[in-house]
Protein chains: 2
Amino acid sequence: MSDSTAELARLRRGVVDVIPEGELEAKLATARREKRPLRVKLGADPSAPDLHLGHTVVLAKLRDFQDLGHTVVFLIGDFTARIGDPSGRSETRKPLSVETIRANAETYAEQVFRLLDRARTEVRFNSEWMDAMAASDFMRLCGHYTVARVMERDDFSKRFREGRPIGVHELLYPLVQGYDSVALRADVELGGTDQRFNLLVGREIQKAYGVAPQVVMTLPLLEGTDGVQKMSKSLGNYVGVAESSDEIFGKVMSISDDLMRRWYEVLEPESDVPRDLAAGRIHPREAKARLAEGQAARFHGAAQAAAARARFDERFAKGGLPSELVETREIEAQLPDELVLPALLTEHGLSKSNSEARRLIAQRAVRINGAVVTSERYHPAGGELLIEVGKRRALKLAFR
Amino acid sequence: MSDSTAELARLRRGVVDVIPEGELEAKLATARREKRPLRVKLGADPSAPDLHLGHTVVLAKLRDFQDLGHTVVFLIGDFTARIGDPSGRSETRKPLSVETIRANAETYAEQVFRLLDRARTEVRFNSEWMDAMAASDFMRLCGHYTVARVMERDDFSKRFREGRPIGVHELLYPLVQGYDSVALRADVELGGTDQRFNLLVGREIQKAYGVAPQVVMTLPLLEGTDGVQKMSKSLGNYVGVAESSDEIFGKVMSISDDLMRRWYEVLEPESDVPRDLAAGRIHPREAKARLAEGQAARFHGAAQAAAARARFDERFAKGGLPSELVETREIEAQLPDELVLPALLTEHGLSKSNSEARRLIAQRAVRINGAVVTSERYHPAGGELLIEVGKRRALKLAFR
């Protein structure tokens, strides 16, 4: 196997789409010939700065490019974030102040550099070119794309069909994102599979401006701890990169065995564990603990991850639970859709009343598998749950 | 009848829509109370600077406003014209150079002042504010309108349904037009009934920017000399404001009796002729000649209009035709859809061959009812046609 074949194989591993097929190979060959690194773009929305495991799928692929000598261009969409939804219709797209964006961008970058090589990363802001753009040039940019093509985007066509409002400015965001690729001279752009459409717009806009179009690479979306929805901060089903090793370890331990297999596939595609698991050479609980330890180690190092595992086992598996442990139940019934925590805690004597339980949650005194709970509703995915209230009360649940 | 009732009646005469009903009256009352004129906007596209009778319908209404002391804001959309269709898909929306726009605007203004009162007209260009607008403010502007509402515009929804491309920039034009009303603080905006949608967008955009929304007034579209299509330069069915009195007179004489009734209604709503015509007190030919003379007089004065009528009658009605007149036929058959002029001229001996006939047309030697013919195909609308070739050959046709 030649070096270039190995390089290509590594870059393609775990990737859903490479569009167009074959062009990545050509770009790599050109870069080698011209002795210049490829410019590999990732766009980030600075409205929600907390990175979680879902983001790390793309970041790990960017790291592959860096390890092979290429440059990552980490683009912060501050121009777009400042505009948000000026009509105020969308809560999730509130226009952000310059200060908020700057603070978010710093948080973001700091977290990103737990995975990326700082020396091979260029951090850019699209305000650099978009602030200088006149309305007339912006209209010309819009002339390079048709309404029908923008409306092909799944979420737009769905909202349009259902009669839900789409602000005209929303159609323009993909064009701005495309123009960013012109300004950055991106050779490759990465994103989740849900970004496929936007990344392809970039190719068209680059062509319209006489720039070589980028190769588009999409990566799988990671399901959250509930095993159903895409991991997202707003759904509360995430494992945050900035969380403690105990929280990361505990959250991974709470996922179902099926989801564990999926996370191995997406987060640790080179691991041997899934094969051993399928062959019955390793117990699912041990496999899950290794995944939990591995993910904690990515952000806190091997020593801290091992310590988190030890603490978890002590509290949970080895029976070293607090003295006032109220009850341990094996729930054999079908996995419930959700646990209403105040009712559950009160029912099992961990709180005196629903209102006390709510107060405890608000005070961040309730943890599930070591991770602080902030919502009154919890969506278990199977596996084992240790619900702790303060330091001395706990409830252990195990779903079949 | 009070002054204000008479004022309102005059302004409403011949208008198709006043939106919202009642608001014009309120604006007039406010203007009277505050002793300030209303600002009445008309937008013009500087891509086709030749004004024709179709345009005069709106201009005459603007003149009504001026005669009552109000200010007309004549807006030249130079910003929009400079952008055109940057993708080059549309031939009719080619981006125009600054020089072309300036020249067109001068031609336009010169023609407009044959009808408007120069002292009560403000000529403005939307580049004044649009050139200074940043892309970010432009996106905010776009946030004040939804895709669904823009797509309600008849031509957009039709093209979208039929899968014909609409550039994203095209959606933005109505928003720019709406913002112009913000910048100009328009109290009223006028347009043809085909502009109803765009004029209403102006109201919404004004509201979003905290400006009192304009009253929208739409006026009927004038059918061209063919009696079918809207009058337009590109269809060749127009009577140009800048044409000679002979051309105007002759073109009006070429229209059908039905179309004549319609033109009276739209162009001379206060004339008694239609009533006399219905009562049989006046012959249709005389009615048509009065309309023709009246329209020629609007742009060339009464004396020139009377002279044009005399010349026409001499050449046509009184038999004072050139010596080599070849033939006079009364065509009793159904009115043809079109006359193919080279074939017709050759058939009746006015040219030796089709190719000679084509050359004569190209040399502007062929006239119909006194107006030079530039196309090889002519769409008769009924009435009388005198086809002249050079100064000495002619053919007279009369359709039933």
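For the range B:131-168, a residue qualifies if it is without any contact (Cβ under 8 Å) to a residue 24 or more places away in the chain and in contact with a Gly (Cβ under 9 Å, 6 or more places away or on another chain), and the qualifying residues are B:143, B:146, B:148, B:168.
Can you go through A:11, A:68 and tell me which one is open to solvent by less than 20 Å² (accessible area, probe 1.4 Å) and at pLDDT below 95? Spell out how you get there, then give the answer.
Values: A:68 fails: open to solvent by less than 20 Å² (accessible area, probe 1.4 Å).
Answer to the selection: A:11.
If you go through the range A:149-180 and pick out every residue that is at pLDDT below 85 and polar (S, T, N, Q), you end up with 1.
With the structure loaded, tell me whether residue A:93 is open to solvent by 10 Å² or more (accessible area, probe 1.4 Å) and either in a helix (DSSP H, G or I) or more than 10 Å from chain B (Cβ to nearest Cβ) (or both) or whether it fails that test. First the steps, then the outcome.
Numbers: open to solvent by 10 Å² or more (accessible area, probe 1.4 Å): yes; either in a helix (DSSP H, G or I) or more than 10 Å from chain B (Cβ to nearest Cβ) (or both): no.
Against the criterion (open to solvent by 10 Å² or more (accessible area, probe 1.4 Å) and either in a helix (DSSP H, G or I) or more than 10 Å from chain B (Cβ to nearest Cβ) (or both)), residue A:93 does not qualify.
Checked against (1) at the interface with chain A (Cβ under 10 Å from one of its Cβ atoms); (2) in contact with a strand residue (DSSP E or B) (Cβ under 7 Å, 6 or more places away or on another chain); (3) open to solvent by 30 Å² or more (accessible area, probe 1.4 Å), residue B:149 passes all but condition (2). Is it true that residue A:194 is within 14 Å of another protein chain (Cβ to nearest Cβ), part of a helix (DSSP H, G or I), within 24 Å of the chain's Cα centre (by Cα) and farther than 22 Å from residue B:156 by Cα? It is false that residue A:194 is within 14 Å of another protein chain (Cβ to nearest Cβ), part of a helix (DSSP H, G or I), within 24 Å of the chain's Cα centre (by Cα) and farther than 22 Å from residue B:156 by Cα.
Filter the range B:198-224 for residues that are assigned to a loop (DSSP other than H, G, I, E, B) and more than 14 Å from every other protein chain (Cβ to nearest Cβ); which is surrounded by the most Cβ atoms within 10 Å (Cβ to Cβ)? The residue in question is B:214.
Name every residue in the range B:156-165 that is in a helix (DSSP H, G or I), within 12 Å of chain A (Cβ to nearest Cβ) and open to solvent by 10 Å² or more (accessible area, probe 1.4 Å), in order of residue number.
Keep residues of the range B:156-165 that are in a helix (DSSP H, G or I), which gives B:156-161.
Checking the rest, the ones that are also within 12 Å of chain A (Cβ to nearest Cβ) come to B:156-157, B:159-161.
Correct list: B:157, B:159, B:160, B:161.
Checking each residue in the range B:117-130 for being of a type outside the set (Gly, Ala, Ser) and more than 7 Å from chain A (Cβ to nearest Cβ) picks out B:117, B:118, B:120, B:121, B:122, B:123, B:124, B:125, B:126, B:128, B:129. Among the residues of the range B:244-257, count how many are surrounded by fewer than 22 Cβ atoms within 10 Å (Cβ to Cβ) and farther than 16 Å from residue B:385 by Cα. Final tally of qualifying residues: 1.
Picking from residues in the range A:332-356 that are in contact (Cβ under 8 Å) with a residue 24 or more places away in the chain and part of a helix (DSSP H, G or I), the one that is surrounded by the most Cβ atoms within 10 Å (Cβ to Cβ) is A:345. Somewhere in the range A:281-291, is a residue more than 20 Å from residue A:225 (Cα to Cα) and open to solvent by less than 60 Å² (accessible area, probe 1.4 Å)? Yes, because at least one residue in the range A:281-291 is more than 20 Å from residue A:225 (Cα to Cα) and open to solvent by less than 60 Å² (accessible area, probe 1.4 Å).
Of a type in the set (Lys, Arg) and surrounded by fewer than 18 Cβ atoms within 10 Å (Cβ to Cβ): does that describe residue B:140? No.
Candidates A:122, A:128: the one that is outside any loop (DSSP other than H, G, I, E, B), touching a strand residue (DSSP E or B) at 6+ places or on another chain (Cβ under 7 Å) and in contact (Cβ under 8 Å) with a residue 24 or more places away in the chain is A:122. For the range B:166-191, filtered to residues that are more than 13 Å from chain A (Cβ to nearest Cβ) and open to solvent by less than 10 Å² (accessible area, probe 1.4 Å), the residue that is farthest from residue B:80 (Cα to Cα) is B:188.
The values are calculated or read from the model by the stated rules, or taken from the named source; none is laboratory data. Computed from a predicted model, the values in this text were never measured in an experiment. Every residue, glycine among them, receives a Cβ derived from its backbone with ideal geometry; neighbour counts consider all protein chains shown. These area figures cover heavy atoms from the full protein model, side chains too; ligands, DNA and RNA do not enter into them. Shrake-Rupley method; radii C 1.70, N 1.55, O 1.52, S 1.80 Å.
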